[in-house]
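Note sheet for the following structure.
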Amino acid sequence: MPRILITGGAGFLGSHLCDRFIKEGYQVIAMDNLLTGNKENLAHLFPLPEFEYYHHDITKFVHVPGNLDYILHFASPASPIDYLKMPIQTLKVGALGTHNLLGLAKEKKARILVASTSEVYGDPLIHPQPEEYWGNVNPVGPRGVYDEAKRFLEAITMAYHNYHDVETRIIRIFNTYGSRMRTDDGRVLPAFFSQAIRGEGLTVFGDGSQSRSFCYVDDLVEGIYRLLLSDYHLPVNIGNPDEITIIDFAKEVLALVNNPDAHIIHKDLPVDDPKIRQPDISKAKEILGWEPTVTRAEGLRRTYEYFKEVVK
Ligand code: UDP
């Protein structure tokens, strides 16, 4: 049985990854400090003998007894609201946390896949964004704490690959959604679903003409699985290229939830909010044979089922 460590294992993506690797027959160790994660996301796995949970802050030395074959590094606040509230932790987990895990990977001779982000492209001047684009990031703006931590994560991962021969993989994740997103994490999809279900105003920032491209979580997990098992060490974009403006996205959520009290209101656009975002996924198609299969209509229907249960 291969053994895998998943950091941020109690989070939205981390917990879906735990499910997937359990299903594939792995021994899974989830590690989390529960800063933004939630153990409830893993409750169904705790009874399984092939599952272990370690409460640990990976910015401190990481010790895992026994062998390790793989590491997935998914620990970090990922919502702009969260990382504005926790700027130092965000920088530390991307920098010190990544360093500790690369050291662990070297020690255990494990292959490590690290989670990077479309935020490395900043407010992009090239559209859609291919992996070769170096980005347009403001290091001293409010998003700098996340963007630069993830850019450092990529740089140190490449250094461990080049100088220590560690087997590394880098994924650049674009906006992703699905069950287990925190209803209060401030990201656009949990915000809109919670507001629509409660019959409140959907808070569209600015005029809503900025765009995003939303990927359903199962598609993302499949991309991660394939990238981990591939032999490609340079960054790969994984996301759904189906782009939509935020105002149109609000209208889709309104139509789906169909609550007569829900409506659209406008709030100020946050500083440095990227105006456009769409992954160029040519590389994922070519190298991994991967592309998304779940349409936004279907993904939103499935996600609504989750939010209906959890929004109070
Ligand atoms: N957004 C919005 N209302 C909200 C939350 C977000 O209009 O209540 C917008 C935000 O300005 C951005 C987009 O939705 O343009 C996506 O924001 P999110 O925080 O989900 O993630 P980002 O892609 O900016 O990292």
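With a cut-off of 8 Å between alpha carbons and a minimum separation of six or more residues, what is the relative contact order of region 208-308 in percent? Computed over region 208-308, the figure is 44 percent. Between 0 and 90 degrees, the angle of helix 217-229 with respect to the longest Cα principal axis of the chain falls at about 20 degrees. Subtracting the Cα-Cα distance of residue 140 and residue 24 from 0.36 nm times their residue separation leaves 37.5 nm of extension gain.
Counting only the Cα atoms, region 128-274 fills a convex hull of 127 Å³ per residue. Sorted ascending by nearby beta carbons within 10 Å, beginning with the fewest, 79, 116 become 79, 116. Region 255-280 and region 48-114 have Cα centres spaced 31 Å apart. Couplings 3J(HN,Hα) of region 297-305, computed from phi: 4, 5, x, 5, 4, 5, 6, 4, 4 Hz, in residue order, whole Hz [Karplus 6.51 cos²θ - 1.76 cosθ + 1.60, θ = phi - 60°; x for Gly and Pro]. Dividing the C-alpha radius of gyration of region 1-126 by 2.2 N^0.38 Å, with N its residue count, gives 1.05. Residues 117, 203, arranged from fewest to most other Cβ atoms within 10 angstrom of their Cβ, appear as 203, 117.
Treating the angle as unsigned and between 0 and 90°, give the value, to the nearest 10°, between the Cα long axis of helix 246-257 and the longest Cα principal axis of the chain. Rounded to the nearest ten degrees, it is 80.
The coefficient of translational diffusion for region 92-190, derived via Stokes-Einstein from the alpha carbon Kirkwood radius under 37 °C and 0.692 mPa s, stands at 222 µm²/s.
Measuring nothing but how far apart in sequence close Cα pairs (under 8 Å, 6+ apart) lie, relative to its length, the chain scores a relative contact order of 17 percent. Once the C-beta distance of residue 56 and residue 298 is scaled by a Förster radius of 35 Å, the resulting FRET efficiency is 0.45 to the nearest 0.05. The angle between the Cα long axis of helix 188-198 and the longest principal axis of the Cα atoms of the chain comes to about 50 degrees, rounded to the nearest 10. Would you work out which of 140, 196, 171 lies farthest towards the positive end of the dipole of region 118-203? Charges go on Cβ: Lys and Arg +1, Asp and Glu -1. Of 140, 196, 171, it is 196.
Beyond 29 Å in Cα-Cα separation lie the following of the pairs 150/251; 60/267; 92/275; 39/150; 23/312: 150/251; 60/267; 23/312.
Distance between the modelled labels on residue 48 and residue 155, one decimal in nanometres: 3.8 nm (7 Å Cα→Cβ projection). Secondary-structure-derived ellipticity at 222 nm for the chain, considering helices only, amounts to -10500 deg cm²/dmol, per-run term -39500 (n - 2.57) for DSSP H runs with n ≥ 4. Sorted from fewest to most neighbouring beta carbons within 10 Å, what does the list 293, 183, 157 look like? So the residues, fewest neighbours to most, are 293, 183, 157. Since only 56, 121, 232 are under comparison, the one whose Cα sits farthest along the positive direction of the charge dipole of the chain, derived from C-beta charges on Lys, Arg, Asp and Glu, is 56.
Every read-out reported here was derived from the displayed coordinates using simple, explicitly stated rules and does not represent laboratory data. Model, not experiment: these values are computed from the prediction. Backbone-built Cβ (ideal geometry, glycine too); neighbour counts: all protein chains shown.
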